[in-house]
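In what follows, a single structure is set out as structure tokens and then discussed.
Every number here is computed from the coordinates shown, using simple stated rules; none is lab data. Quick caveat: nothing in here was measured; it's all calculated off a predicted structure. For neighbour counting, all protein chains shown are included, and Cβ atoms are generated from backbone atoms with ideal geometry for every residue, glycine included.
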Amino acid sequence: MSRLVIVSNRVADLRQSTQSGGLAVGLADALRERGGVWFGWSGKTVPQRPANAAVDEIGNVVMVAADMTPRDHKEYYVGYANSVLWPMFHYRLDLVKFRPAYFEGYRRVNEYFARLLVPHLREGDLIWVQDYHLILAGLHLRRLGCRQRLGFFLHIPLPPPEMLSASPNHRELIEGLLAYDVVGFQTSADAGNFKHYLESTGLAEIVDEDHVRYEGRIIVAKRFPIGIDVDSFAAMSSNSPDDVRIDAMRRDMLGRKQIIGVDRLDYSKGLPDRFRAFSRMLERHPDMEKKVTFLQIAPPTREDVEAYSEIRTELEGLTGAINGRFSDFNWTPIRYIHRSVPREKLAALFRASRVGLVTPLRDGMNLVAKEFIAAQDGANPGVLVLSQFAGAAEELQEALIVNPYDTDGTADTIREGLEMPLEERCERHEALLARIRKQDARAWLTAFLRDLDGKADAPPANDGNNLPDITIPAA
């Protein structure tokens, strides 16, 4: 079995028994099974780049952590990755802040990471690069002589060609993706946008639904929908902490139902629109006053990017305005928590909620939707209200699908979920649970690694000998 090399913006801490999310756990398990390397940024900024990355061995896994300079962090991470790629890939061109120095920093750090990784590679390794921060890492690895199989997975959406072209460097980004042997996307729409770009520019040939040809090489380019560890999350949800259990008992005594939303504080999540839809539901259905509470958990993220401080201010204002308008001395309609909550408690809160509100304006997949389903009591399940613009909507067809831009429509659908009869709730939940079990985290890992190993049915695989002979000057 080939070793696995994971490359991500941040290196995980495998000494932690539980990572922050199911994805990190799944990748860590695959690494332990195969042995290999996890490479990424250490999280530290230093005045000058060190010549080598820090190395830590944990069993059969080598953790390789690279430091970067404040300039690298500003231009690569805050600049191009999160002020250009993130808004552009989430269809928010109005928030793109392009600077030529940002792309230079992005290219520079991708090359730097590639150089630091090369000494830790072995012949026959499978190298799997994760997400939008490191699109160009594979191209630089090729230029440094790597002939191992390279895979890339994009965890966020890929916009259509006309939107992608908003970046002056769009062609180099796509050429970066074409350096890989396998390019994975969350949805069919994202994979389709990639192929539309190739067709519209003539950059590569579409061979069939899952393969493209570029410079004599066959590249897998298709959907690999990500999933969760369903049984693990379901088990967590059944062990409610005392405070969650007492809160649920109090609501039951008062005849109140809970709506829950759990999202990083990010403009792509549609949180202000969600708050307005909840407020509109109370306006349109005054009989729901004092019968429902909305709990929104929104941990901070990327606070050094201006757009995120703006959305925090907006949400705090909306929370105060809505509560000021509707609350009574013994009822507060919105409870807004701006901090992280342990996954074990989140699972129990999902189980105690009648409606899960997952309404991003654009999302790659959104695993919260799948976690909400996994957490439910099958005998008395809650209802998932899901945005049509979440990648998960492509799979989770039995959810109540909404357009988050349609405030009145979303408001009425929230009411529908709150009032849905038990029989219909059970039928929908059973179907949704079957879907997330079929496409769980293990299925995602297995499918991607099968293609990366070159073992899936496909046109003739690359042996590395027909890769272009490219060199790159020394740093």
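Brief remarks on what is shown
- Taking amide H atoms as placed 1.01 Å from N in the peptide plane, the amide H of Ser387 lies under 5 Å from those of Val358, Thr359, Val402, each 5 or more residues away in sequence or on another chain.
- Counting only DSSP beta bridges whose two residues both lie in the stretch 230-438, roughly 5 percent are antiparallel.
- Degrees between helix 306-326 axis and first principal axis of the chain (Cα, 0 to 90, nearest 10): 10
- On Cα atoms only, tilt of 100-117 relative to the major axis of the chain in degrees: 70
- Ordering 411-424, 343-356 by mean Cβ neighbour count within 10 Å, with the highest value first, yields 343-356, 411-424.
- Here is the tail figure for the stretch 230-438: Cα pairs spaced more than 24 Å apart come to 37 percent of all pairs.
- Among 384-392, 332-340, sorting by the average number of other beta carbon atoms lying within 10 angstrom of each residue, highest first, gives 384-392, 332-340.
- Placing one equal scatterer on every Cα of the chain and applying the Debye formula, the log10 ratio I(q)/I(0) at q = 0.07, 0.09, 0.13 Å⁻¹ is -0.38, -0.63, -1.25.
- Nearest-ten-degree value, helix 188-201 long axis tilted from longest Cα axis of the chain: 40
- Euclidean distance between Cα centres, the stretch 123-182 to the stretch 104-119, Å: 13
- Here the chain carries DSSP beta bridges of which approximately 20% are antiparallel, counting only pairs with both residues inside.
- Built amide H within the under 5 Å cut-off of His211, gap 5+: Ala221
- Violating pairs (Cα-Cα greater than 32 angstrom) within the set Lys97/Lys291; Lys345/Lys438; Lys257/Lys438; Lys44/Lys269: Lys97/Lys291
- Paramagnetic label zone (point 7 Å from Cα along Cα-to-C-beta, Leu93; backbone N under 19 Å) in the stretch 163-192: 163-174, 190
- FRET efficiency, Glu172 to Asp453 (Cβ-Cβ, R0 35 Å, nearest 0.05): 0.80
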